[in-house]
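Only one structure is covered here, and it is reproduced in the block below.
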Amino acid sequence: MNCPDGFWCMQFKDWLNVAILVITAVAIVVGPIVAVQITLRFEEKREKRRRKYDTFHALMRTRRVTLSADHVTALNVIQTEFHDDDRVITAYKKYIDNLGGPALPPASSNEAIRHFLDERDDAFNEMMFEIGKHLGFALDKRELAKYSYAPQAWVNIEAEQNALRQFALELLQGTRAIPITPFQPSPSANKFPPPPSKQR
């Protein structure tokens, strides 16, 4: 149909303008939605990485204070935070199996105790090495084992607190009595001089 000046006759430039209008309208509607989705994905990815760093830092801070709540909590979230790394999960399971394994008998030799503790430390350092590698840290397993510190006073305080808790529990359960010894103060401990004797 030939209608060069008709209303419904459209040339290529007209179709191009319509296409530009349609694309512009779609971009106005869809653009913000796509931008929000991209932002949310970026934030989610950044949050996941932040949680991994927090877990790693908590374990590094408490590697010589393994009974602390921060240490145990960080251990318990490794399965979820590092589920995408098989090497980390394998090292984690090996360390947890060591922690949950049978305890040494009370009469174990010093050599057996040292071997047991060395195996546990090796498993922990292997796990930390794999986590560090996942996060981009170039860690040395030997340095992980060597350069960590906890004051002996912390160890002593923890042992004393455990002993006090055990003593209190035994008292409350009626399996231990409170030891009582007679106490006689020394005369020299009196800060006042003795009273003068009466003369008759």
Selection count, the stretch 76-113, where residues are under 16 Å from K48 (Cα atoms) and surrounded by 14 or more Cβ atoms within 10 Å (Cβ to Cβ): 6
Single condition T55 does not satisfy, out of (1) surrounded by 15 or more Cβ atoms within 10 Å (Cβ to Cβ); (2) among the polar types (S, T, N, Q); (3) modelled with pLDDT under 95: (3)
Identity of the residue in the stretch 64-75, in a loop (DSSP other than H, G, I, E, B) and not polar (S, T, N, Q), that ends up surrounded by the most Cβ atoms within 10 Å (Cβ to Cβ): V65
Output the residues belonging to the stretch 132-142 that are surrounded by fewer than 11 Cβ atoms within 10 Å (Cβ to Cβ) and part of a helix (DSSP H, G or I). R142
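Filter the stretch 145-160 down to residues that are closer than 15 Å to M60 by Cα and touching a residue at least 24 places away in the same chain (Cβ under 8 Å) and give me whichever is surrounded by the fewest Cβ atoms within 10 Å (Cβ to Cβ).
Kept after step one, since they are closer than 15 Å to M60 by Cα, are these residues of the stretch 145-160: 145-150.
Checking the rest, the ones that are also touching a residue at least 24 places away in the same chain (Cβ under 8 Å) come to 145, 148-150.
Values: A145: 15, S148: 15, Y149: 7, A150: 13.
The residue in question is Y149.
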Take the residues in the stretch 143-163 that are within 20 Å of the chain's Cα centre (by Cα) and among the hydrophobic types (A, V, I, L, M, F, W, C); name whichever of them is nearest to M128 (Cα to Cα). L144
Restricting to the stretch 39-70, name every residue that is under 20 Å from F137 (Cα atoms) and of a type outside the set (D, E, K, R). Y53, T55, F56, H57, A58, L59, M60, T62
Need the failing condition index for K94 against (1) more than 26 Å from H71 (Cβ to Cβ); (2) in a helix (DSSP H, G or I), just the number. (1)
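Before we move on, is H57 in contact with a Leu (Cβ under 9 Å, 6 or more places away or on another chain) and closer than 30 Å to A153 by Cα?
Details: in contact with a Leu (Cβ under 9 Å, 6 or more places away or on another chain): no; closer than 30 Å to A153 by Cα: yes.
Considered against the rule, which asks whether it is in contact with a Leu (Cβ under 9 Å, 6 or more places away or on another chain) and closer than 30 Å to A153 by Cα, H57 comes out as no.
Right, T80: of a type outside the set (D, E, K, R) and touching a residue at least 12 places away in the same chain (Cβ under 8 Å) or not? Break it down stepwise before answering.
Details: of a type outside the set (D, E, K, R): yes; touching a residue at least 12 places away in the same chain (Cβ under 8 Å): no.
Criteria not met by T80.
Being surrounded by 13 or more Cβ atoms within 10 Å (Cβ to Cβ) and touching a residue at least 40 places away in the same chain (Cβ under 8 Å) narrows it down to one of F129, F124, F116, so name that one. Full working, then the answer.
Numbers: F129 fails: touching a residue at least 40 places away in the same chain (Cβ under 8 Å); F116 fails: touching a residue at least 40 places away in the same chain (Cβ under 8 Å).
Sole residue among the options that is surrounded by 13 or more Cβ atoms within 10 Å (Cβ to Cβ) and touching a residue at least 40 places away in the same chain (Cβ under 8 Å): F124.
The values are calculated or read from the model by the stated rules, or taken from the named source; none is laboratory data. For clarity, every value in this text was computed on a predicted model and none was experimentally measured. All Cβ positions, even for glycine, are placed from backbone atoms using ideal geometry, and neighbour counts span all protein chains on display.
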